Amino acid sequence: MTDEVKKLKELVDSTDNIVFFGGAGVSTESGIPDFRSTDGLYHQQWAYPPEVILSHTFYEANPEEFFRFYRAKLLAPGAEPNAAHFKLAQWEKEGKLRAIVTQNIDGLHQMAGSRRVYELHGSVHRNYCEKCGKFHDFTFMLHSTGIPRCECGGMVKPDVVLYEEGLDQATINDSLRAIAQADVLIIGGTSLNVYPAAGLINYYRGGKLVLINKSAVARDLAAGLVIRDPIGQVFSQL
């Protein structure tokens, strides 16, 4: 155990008010690709850049291509929670972790047992008919072909925030409240490139900020503890 991980353990052991703010790097060790790393989606070859395909405009103009990308790259039926997901769930059960604020849409935190999870960008496990509002689950979308259709004939849209769409205000409010009231804020697996989500950490008022990310982040942070290792590897030692 490195000195940095020892310091993190001491912080965790000394508080019952942790909030975790996480991004794609939390799930890469579960086999889900991120966007910006060397092997990320931005470096893969598609007819259009991922940020174009995952825009509201593209979804409406070219839904068949949107869903082809969506099934191939955003649905990961074999993915399972890793050490980071399980450790966070354990902390919640122990009364140490107050909330998880995540930019991820994969549902792995809930799969690991976490209950208070604020999903800023939605979830692939929730899908709704745009015509009648009927709910459709992950399995329905996974096994659908072409443009997924409800029994009523309406197109089924993932409850995922696309580029050009706004975040859910209630989720933002809950996330802001948790971050503002946190004693320890752990930021993990995110380069803090995506706004407005990344801006939520500005509401942290405590003095125990921890940053765990393999690469440098997009902004200067007054983090008291910085760990440059994969987050699952770090959390497996705690």
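The values are calculated or read from the model by the stated rules, or taken from the named source; none is laboratory data. Just so it is clear, the model here is predicted, and its values are computed rather than measured. Counting neighbours? That spans all protein chains shown, and the Cβs are built from the backbone with ideal geometry, glycine included. The accessibility values were calculated without ligands, DNA or RNA, using every heavy atom of the protein model including side chains. Shrake-Rupley method; radii C 1.70, N 1.55, O 1.52, S 1.80 Å.
General remarks:
- Taking amide H positions as modeled 1.01 Å from N, with prolines and chain starts lacking one, the residues under 5 Å from LEU97 and 5 or more places away or on another chain are ILE18, GLU92.
- Interchain or long-range residues, amide H under 5 Å from ASP159's placed H: SER123, ARG126, ASN127, TYR128
- Across the stretch 104-112, coupling constants 3J(HN,Hα) worked out from phi with the 6.51/-1.76/1.60 Karplus curve, θ = phi - 60°, read 7, 10, 8, x, 5, 4, 5, 4, 7 Hz, and Gly and Pro carry x.
- Under 26 Å, Cα to Cα: Lys pairs in the chain, sequence gap 8 or more or different chains: 27
- Karplus-derived 3J(HN,Hα), 6.51/-1.76/1.60, for each residue of the stretch 56-73, Hz, glycine and proline x: 5, 4, 5, 4, 6, 7, 9, x, 5, 5, 4, 6, 4, 5, 4, 5, 6, 10
- In summary, the stretch 146-186 shows an alpha-carbon radius of gyration equal to 1.86 times the 2.2 N^0.38 Å reference for compact globular proteins.
- Fraction of accessible area attributable to carbon and sulfur, the stretch 95-238 (%, probe 1.4 Å): 49 percent
- Look at the alpha carbon pairs under 8 Å that are at least 6 residues apart: their mean separation over the length of the chain gives a relative contact order of 25 percent.
- When both bridge partners sit in the chain, DSSP labels roughly 25% of those beta bridges antiparallel.
- DSSP bridge orientation in the stretch 103-238 - percent antiparallel, rounded to nearest 5: 50 percent
- Measuring nothing but alpha carbons in the chain and taking Rh as the Kirkwood radius, the Rg to Rh ratio lands at 0.98.
- For a modelled paramagnetic label at ARG149, 7 Å from Cα along Cα-to-Cβ, no residue of the stretch 66-81 is in reach, as no backbone nitrogen comes under 15 Å.
- ILE187 long-range amide H proximity, modeled H, under 5 Å: PHE21, VAL210, LEU211, ILE212
- Rg(Cα)/(2.2 N^0.38 Å) for the stretch 121-221, N = residue count: 1.40
- Spatial offset of the stretch 58-109 relative to the stretch 162-217 amounts to 16 Å, using the alpha carbon center of each.
- For the chain, the 222 nm mean residue ellipticity estimated from helices alone, with every DSSP H stretch of n ≥ 4 adding -39500 (n - 2.57) and the total spread over all residues, rounds to -7500 deg cm²/dmol.
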